[in-house]
């Protein structure tokens with residue numbers, strides 16, 4: 001097949017983290033900071049894949065906090081007994 005499309009090879013002149021793909025979608029600043037923190041962690045710890053515990057620690061270091069849980073009202077499975085008043 002002479003008309004087949006060959007994938008474009010990334011330029012070896014640009015560092016890997018700065019290569020731009022034609023399929024890249026824009027990301028917001030928070031996501032970009034998170035990705036940078038993950039990459040920094042991987043480089044410092046020489047790990048290819050951080051564990052979920054590591055990811056939670058990274059999020060904590062970035063200042064992310066868990067939302068407080070909403071208070072639940074206790075739901076009774078049965079109707080309450082009627083009040084009996086002394087006669």
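The values are calculated or read from the model by the stated rules, or taken from the named source; none is laboratory data. Everything quoted here is computed from the prediction, not taken from an experiment.
Answer yes or no: is there a residue in the range 25-44 that is modelled with pLDDT under 80, under 30 Å from the mean Cα position of the chain (by Cα) and assigned to a loop (DSSP other than H, G, I, E, B). Yes, because at least one residue in the range 25-44 is modelled with pLDDT under 80, under 30 Å from the mean Cα position of the chain (by Cα) and assigned to a loop (DSSP other than H, G, I, E, B). Scan the range 60-80 and give yes if some residue there is within 19 Å of the chain's Cα centre (by Cα) and either outside any loop (DSSP other than H, G, I, E, B) or at pLDDT below 65 (or both), otherwise no. The answer is yes, given that some residue of the range 60-80 is within 19 Å of the chain's Cα centre (by Cα) and either outside any loop (DSSP other than H, G, I, E, B) or at pLDDT below 65 (or both). Per this entry, residue 4 is counted among residues that are at pLDDT below 85 and assigned to a loop (DSSP other than H, G, I, E, B).
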